[in-house]
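Participant: Below you will find the structure I want to go over with you.
The values are calculated or read from the model by the stated rules, or taken from the named source; none is laboratory data. Here the structure is a predicted model, which is why all the values come from computation and not from measurement. Cβ placement follows ideal geometry from the backbone for every residue including glycine, while neighbour counts extend to all protein chains displayed. For the accessible areas, the whole protein counts, side chains as well, though only heavy atoms, and no ligand, DNA or RNA atoms are used. Shrake-Rupley method; radii C 1.70, N 1.55, O 1.52, S 1.80 Å.
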Amino acid sequence: MASTWKLSEKIAKDTQALVVSGFGRLEYGVALFLQLPAGAGGKWLNALLDKYPATAADQLGGNGNPLPFAMSLSLTASGLTAMGLSKTEMASFSAPFREGMMQTDRLRRLGDRRKGQWLDTVIDGGPKWSGNTEQLDLVSAVRAKSDTEELPVVTEMTVHAMVLLYADSEVEIAEYVGDIAKLLKKHKVAIVHQLPLALGKDDEKGFSREHFGFADGISQPLPFDEEEAVVGRGGEYITTGDPVNGVRLGEILMGYENGHQEIAPGPIAEDKEGSPLPELERARGRRDLGKNGSYVVVRQLSQNVAAFWNGMDKAADAIRTQDPSATHANEEWVAEKVVGRGIDGKALRRDGYLDNDINGSVRNDFLYFDDDRHGEGCPLGSHVRRANPRDSLAPGKTMKQTLLDAANNHRILRRGRKYGPDPKDKRKDDGKERGLLFVCLNTDIARQFEFTQQTWLLNSDFATLFEETDPLVGPDGEMTIPAKPLRRRAKVETFVKMVGGEYFFLPSIPGLAYLASL
């Protein structure tokens, strides 16, 4: 889907392009996960940025000629420590980022691990990679110790930085990767994990498809800022929120007002002689390292396509066996109920699908309360409705706007792509690795990504349901499909498993310059 917004020219020059674009013009990509040597400093970063600039202005054609590639770079807490950030600087990052995704409490709320055991939503043996972030933060330092406390999780691969690179062809990607590998090797930086990425474009339909076959990237928040930082498609500043999908810029970018009318905080940098600190704004007597940056959540999720579609077949057969009149309940109908959208991305309604816009685009300006309050079109527990309930959790009509506003305060900006080859037969397991590299931007990891994962996706009592979790990304269980006169019940299995993941910091362009000077 084409972007309907961009940052003002002043901000775009200081911001990595990943913030405003998923680079739909570039079909192919790669994710490079890097490990730095101890005391790495910033020379490797300086060399990389010299050949592969990350600014929105350069990559998106703000100067008239977009680059033939797009690149973004983000770092884990352990990576920033390896580069040489001081303890004071590290302490200024948010607690979730400092602790890392593999911290015991965070694994529990993300539904990955409990009581020392990996859950079925994680690959056998546990995740392959993470930042292996040591518990350096102040919260962990004062946390009470006990004999039952779990040992820190250490994954096979340690990731300090992630490079996302996009181009027009696989040949170009291979050339860029070869060049980057040589460049990094000179600085003893290793590529420890690599994932080829693809959009999966459906040119006829005008959108991308993930491996299960569903349209992807349909629903995104639309940022606005009262200080004229965001520009709309028509060239006008977006200073008020979209009625359905509007979120304040501070939910995505540090240094701007967020949904709680507060300036989204970010880390600070210490004044150091000889560093390019004048490029960083002064804040609280220090330099603002976070301004125009964001936190990036990354989770590599394997998709078992054969298990998904065979499971949909079984569920459809069970429904028709129980009720022979339910001739409409085929495997695609069940799959759409599980996902919460039609195969082609259209919102589900009681009488079918929501029509496209006049220009043919899939509509995303819909709500649930008035048209589908009880989930007879889009089930209450479907993946899409859990991920963004919009106004559907309102207890009554007078609370619709309040609950919509509250839901939008937990929105994330997605920038993921699928990896691995498309299956030739969606019902036969060919043994090849494929899935989604989930990537999202947010300024408050706990309130946005973690809240969505814990309170909405994996909440077994979500929206008056009982002992049901997300039917797409959750564990084995049952799903309620509301219908009249009687509801349907479908059994679902674990179709998606976590392979690895971590929290990253996406610096601004001045922030990258500061890190490169270390």
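Participant: Give the lysines whose C-alpha is closer than 23 Å to that of Lys186, dropping any in the same chain fewer than 8 places away, or say none.
Facilitator: Of all the lysines, those that pass the test against Lys186 - Cα under 23 Å, at least 8 places apart if same chain - are Lys43, Lys51.
Participant: Measure nothing but the geometry: give the 0 to 90° angle between the long axis through the Cα atoms of 305-322 and the longest principal axis through the Cα atoms of the chain, rounded to 10°.
Facilitator: That helix lies at roughly 20 degrees to the long axis.
Participant: Same structure again: Round to the nearest 0.05 the FRET efficiency obtained for Arg489 and Ile263 when R0 = 56 Å and r is the Cβ-Cβ distance.
Facilitator: With R0 = 56 Å, the Cβ-Cβ based efficiency is 0.75.
Participant: Taking only protein heavy atoms into account and a 1.4 Å probe, give the accessible area per residue of the chain in Å².
Facilitator: Here the residues of the chain average 44 Å² of exposed surface.
Participant: I would also like to ask the following. Take peptides 383-392, 99-108, 231-240 and line them up by average Cβ neighbours within 10 Å, highest first, as a rough protection proxy.
Facilitator: Top of the packing list down: 383-392, 99-108, 231-240.
Participant: Between Arg363 and Lys426, what length comes free when the chain is fully extended (0.36 nm per residue of separation minus the Cα-Cα distance, one decimal in nm)?
Facilitator: 19.9 nm
Participant: So for the pair Asp371, Thr464, with labels modelled 7 Å out along Cα→Cβ, what separation do we get in nm?
Facilitator: 2.0
Participant: Additional query: Which stretch or stretches of segment 419-434 have amide N atoms under 20 Å from the point lying 7 Å from Asp124's Cα along the Cα→Cβ direction?
Facilitator: 428-434
Participant: Roughly speaking, what is the stretch gain from Ala326 to Thr455, that is 0.36 nm per residue apart minus the C-alpha to C-alpha distance, in nm to one decimal?
Facilitator: 43.2 nm
Participant: Follow-up. Pull up the cross-link candidates among the lysines for Lys432, meaning alpha carbon to alpha carbon under 19 Å and not fewer than 8 places away within one chain.
Facilitator: Hits, sequence-local ones excluded: Lys128, Lys418, Lys424, Lys497.
Participant: Nearest 0.05, what FRET efficiency do Ile343 and Ala38 give at R0 = 60 Å with Cβ-Cβ as r?
Facilitator: 0.75
Participant: Below 25 Å, Cα to Cα, which lysines can Lys491 reach? Residues fewer than 8 away in the same chain don't count.
Facilitator: Cross-link targets: Lys314, Lys337, Lys346, Lys426, Lys428.
Participant: How large is the helix-only mean residue ellipticity at 222 nm for the chain, computed as the sum of -39500 (n - 2.57) over DSSP H runs with n ≥ 4, divided by its residue count, in deg cm²/dmol to the nearest 500?
Facilitator: After summing the helix terms and dividing by the residues of the chain, the value is -6000 deg cm²/dmol.
Participant: Applying the Karplus parametrisation 6.51 cos²θ - 1.76 cosθ + 1.60 with θ = phi - 60° to the phi angles of segment 165-175, what ³J(HN,Hα) value in whole Hz is obtained for each residue in order, glycine and proline being reported as x?
Facilitator: Once θ is set to phi - 60°, the couplings for segment 165-175 become 10, 10, 7, 7, 9, 5, 5, 4, 4, 4, 5 Hz.
Participant: If you take P(r) over Cα pairs in 20 Å bins from 0, in percent from the coordinates, which of [x] 22, 58, 19, 1; [y] 16, 34, 26, 16, 7, 1; [z] 20, 53, 24, 2, 0 do you get?
Facilitator: The calculated read-out lines up with [x].
Participant: Of all the accessible heavy-atom surface of segment 335-427, with the other protein chains kept in place and a 1.4 Å probe, what percent is carbon and sulfur?
Facilitator: After summing per-atom areas, the C and S share lands at 48 percent.
Participant: While we're looking at this one, here's another question. Using the crude model of +1 on Lys and Arg Cβ and -1 on Asp and Glu Cβ, and no other charge, please compute the dipole size for segment 208-253 relative to its Cα centre, in debye to 20.
Facilitator: Around 240 debye, computed over segment 208-253.
Participant: Let me check the size of segment 407-518 from its C-alpha atoms; what are the radius of gyration and Dmax in Å?
Facilitator: 18.8, 67
Participant: Take Ala174, project a point 7 Å from its Cα along the Cβ direction, then tell me which residues of segment 184-224 have their backbone nitrogen under 15 Å from it.
Facilitator: Under cut-off, by backbone N: 196-197.
Participant: R0 = 25 Å: FRET efficiency of Glu281 with Ala95, Cβ-based, nearest 0.05?
Facilitator: So, using R0 = 25 Å, E works out to roughly 0.60.
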